[in-house]
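One structure is given below, encoded as structure tokens.
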Amino acid sequence: MTTDHAIIPSPQETGQMPGFVTVEVMGKKYRVPEGITVIQALWYTGHEMIRGIGCLGGTCGACGMVYRMPGRFELLNGLGCQTTVRDGMWFSMVANYPAAQAQYRVSDLTNAKEQLFELYPESARCVNCNACNRVCPQGIDVRSSIWYAVFGDFQKVADLTMSCNMCGLCITRCVADMPPNLIGLYARRAQGALYAPQAEELGRRIADVAEGRFRDELDQLLTLDPAELKARAAALSR
Amino acid sequence: MATDSLTESRERVDASRAARKGQTVALFPPAEKEVLLQKYHPDYKAEAYRALRIGPNAGQKTVHEVADLLEGDSPVAQADLKSVPDYTTDLLIIGGGGAGCTAALTARAAGVKVLLATKLRLGDSNTVMAEGGMQVAVKPGDSPVRHFLDTIKGGHFANDRELLKVLVEEGPSATQWLLSLGVLFDRDDDGNLRVRSGGATSTPRLLTCKDYTGLELMRVLKDALINEDVQVVEFAPAVELLSDGAGRCTGAILKNLDNNRFMTVHAKAVIVATGGSGRLHIQGFPTSNHFGATGDALPIAYRLGAELAFIDTFQYHPTGAIYPEPMAGLLVTEAIRAAGAQLVNRLGERFVNETDTRDVVAAAIIRECVEGRGVITPSGRRGVWLDAPLVDLVNGEGTLDTRFPNMRKLFSRYDIDIRAESVLIHPTLHYQNGGVKIGVNGDSTVAGLFVAGEASGGLHGRNRLMGNSLLDIIVFGRRAGQAAAAYAASTTQGPATLDHVAHFRDALRQAGITAPSASPRLIPDYVRREEATTRS
């Protein structure tokens, strides 16, 4: 079914004609309805998308893109599924960008904070140009996260970068040639696996299950007739 | 239908807020609940369904969109099958979301050779979008028994109880595994895992990573996987399974989306973990699902003779955004209702207990719209208000900022400040409750074929409880990975044929099904075919 809700509703449905804007789609001018997203504009102009498209909800980072607006000198960035077209906008997708990803197994790290400099030696090369902060579609303070990583405060890295969708746009702009999103990922995983406190209640619950503490009661639930099961469930207070 | 403006209606919501705060709306009594569902829930709409004419589930009903897939034809011809395979492996995993990556990590740790093929990029999945959290009974006042009862109540007592027992018992150890990979669940001050309330549960049980829980899981699983010795083939969905001609699964045909050529994979065992089917837009609903969620598992497993379960029931998440237009379908997490956000109709009145099960809340919203108490957007969509500002009023200023940063961000991109403004929502197609029928090891009714995650069916019964799908993909991803690895290690590569496809085509003909459409669908077709207006 193509008459669904991923593209804009038709004028027949809305009873009104949409306005149009002119955009330059990867170097070619088109007129497209106003109010639609960059991804929807690509569909509207006949582009079948396989790369540069993902969750369509601003979360997966597949649809990084770069654009310019008339009368402004800056190169701007955004997510294609989250950016609406505007008149005069010129955009191209950045579906993928080469990055040097370190190989490591978190459980094998012995001194993760020092090993950062073996795995990502370029992490120490930040010159505070702030380009990463300007480019990040999630509004992350990327630059600070790198400095916290370098100084070994991985919890702070995690706090700053939890919303990172790994779109990689920061890599495209870093003058020190580092992959800030991958460094953040490394620091978060190390923090979670190696430095986070023991979750004692979880440990006790795992031991309870292993000892079979719930087994009899669960096995009993497997064979209860529906009426009894309903009564048991209804008895739980809310 | 009233034609008053959005602004006027929103002002009524603002005006009634103080009176609604602290007001209690009773849960539906069971009898009324049944009436409400039958009248308004899409699962009960008779004309949306038809009985299948062929295959293991012949005679059973499902929605037309799924029936079209199941009664569809394979895109593969005999000549597309290569005698010398492009890939040979012990275990082929189809799908690179949460369940597929979990299964791959587990199977690789068990020592077998693993090939993972996925339609888009590794990690592209519904997992990445899950906001609400993961249900695990970790708190001393909670227990796996309570988790079991809450879940089966939410599933209308239809859940496969053996699967459910495994889910609730293995939840804690699955969580420990995620922690060991580096997943950063939110913590209490004392270091224990923090739990949040979810809809239709008797006690707070949701583990969260703010409202990025699925994103955090997927980032970690993907990173863990690419650091292991597992071959990953991206942009290569499976379009057919292979069989030994005697009912055993022995590989698959992949389609390279770059050159549209078919590739043959020989495998001793196969795990299908291709996720759900929201992009089929069942009954014309918008969807919260990932671009790739086209239900690919269903037709390929069905043609090989795998039985399906609960394919007549889908979850319509009560709160999909309907305004602004580019956000249509996008999920607004249920956790925000658990945190106090109320549902309010055009008149500024509540009409349902917001913490009731998803199907009941969705049906109640549809009732409001059908009976003229809904709001109409400029694009013609209908819905009701979700009073988000109440969350800060009830829990203290800053709650929306700290607990729902993603939702804040998504709406603020359209200049909507959810701390001050209610937002418009309508049920959105969210989850495939059923799928390929599995046993406790992810085993389908076909030897050598395992299924995990949303593609499988049975665990969630007729309605999935919030937070149970993230746990599902981890617990059963691990189980399927373990069992499929053991199966692959204990067997030899059988002949890899398309005999079952030939049989299926015979069945299509005998049933008089002419000109079936090709399935799986793979990519939703949103591209406009008419000439776009160019100017140069």
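Please treat every number below as a calculation from the coordinates, not as lab data. Fair warning: this is a prediction, and the values are worked out from it, not measured in the lab. All Cβ positions, glycine included, derive from the backbone under ideal geometry; neighbour counts span all protein chains shown.
Table for the structure above
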| quantity | calculated |
| --- | --- |
| Label point 7 Å beyond Cα of A:Glu34 along Cβ direction - residues of region B:397-439 with amide nitrogen under 17 Å | B:414-415 |
| Amide H within-cut-off set for B:Val232, under 5 Å, with H built and near neighbours excluded | B:Leu116 |
| Evaluated at q = 0.12, 0.14, 0.17, 0.23 Å⁻¹: base-10 log I(q)/I(0), Debye formula over Cα of region B:261-371 | -0.58, -0.73, -0.95, -1.41 |
| Helix B:468-489 vs. chain B, principal-axis angle (Cα, 0 to 90°, nearest 10) | 10 |
| Helix A:200-210 vs. chain A, principal-axis angle (Cα, 0 to 90°, nearest 10) | 60 |
| Shielding score for B:485-498, defined as the mean number of other chain Cβ atoms within 10 Å | 0 |
| Cα-based shape type of the protein assembly as shown, given that a ≥ b ≥ c are square roots of the gyration tensor eigenvalues and the cut on a/c is 1.5 | rounded |
| Percentage of interatomic Cα-Cα distances in chain A larger than 30 Å | 49 |
| Unmatched cysteines, the protein assembly as shown - criterion: no other Cβ of a Cys under 4.7 angstrom | A:Cys63, A:Cys81, A:Cys126, A:Cys129, A:Cys136, A:Cys164, A:Cys167, A:Cys174, B:Cys101, B:Cys209, B:Cys249, B:Cys369 |
| Size of electric dipole in region B:98-156: Cβ of Lys, Arg +1 and of Asp, Glu -1, about Cα centre, debye, nearest 20 | 220 |
| Residue pairs, from the table A:Lys156/B:Lys222; A:Lys156/B:Lys119; B:Lys45/B:Lys165; A:Lys230/B:Lys61; A:Lys156/B:Lys409; B:Lys39/B:Lys153, whose Cα atoms sit over 29 Å apart | A:Lys156/B:Lys119; B:Lys45/B:Lys165 |
| Orientation-averaged projected area, Cα convex hull of region B:366-409 (nm²) | 4.3 |
| Residues B:Leu424, B:Leu178 arranged by fewest to most Cβ contacts within 10 Å | B:Leu178, B:Leu424 |
| Cα centroid separation, region B:302-375 to region B:215-264 (Å) | 33 |
| Scattering curve values for chain B, log₁₀ I(q)/I(0), Debye with Cα scatterers, q = 0.06, 0.10, 0.11, 0.13 Å⁻¹ | -0.28, -0.78, -0.94, -1.27 |
| Fraction of beta bridges assigned by DSSP in the protein assembly as shown that are antiparallel (%, nearest 5) | 70 |
| Peptide A:225-235 - average C-beta neighbours from other chains (10 Å radius) | 3 |
| 3J(HN,Hα) from dihedral phi, region B:230-246, Karplus parametrisation 6.51/-1.76/1.60, rounded to Hz, x for glycine, proline | 10, 7, 10, 10, 8, 6, 9, x, 7, 10, 7, 9, 10, 9, 7, x, 10 |
| Likely footprinting exposure, B:Met327, A:Met69, B:Met218, fewest C-beta neighbours within 10 Å first | A:Met69, B:Met327, B:Met218 |
| Other-chain or far-sequence residues with amide H under 5 Å of B:Gly182's (modelled H) | A:Ala193 |
| Karplus-derived HN-Hα couplings along region B:442-457 (A = 6.51, B = -1.76, C = 1.60, θ = phi - 60°), whole Hz, x at Gly and Pro | x, 7, 8, 7, 9, 4, x, 10, 10, 9, 9, x, 4, 5, 8, x |
| Dipole axis of region B:1-73 (+1 Lys, Arg; -1 Asp, Glu on Cβ), positive-most option in B:Val13, B:Val66, B:Ile54 | B:Val13 |
| Least to most buried among B:Ile226, A:Ile146, B:Ile54, B:Ile282 (fewest other Cβ within 10 Å first) | B:Ile226, B:Ile54, B:Ile282, A:Ile146 |
| Helix B:213-226 vs. chain B, principal-axis angle (Cα, 0 to 90°, nearest 10) | 20 |
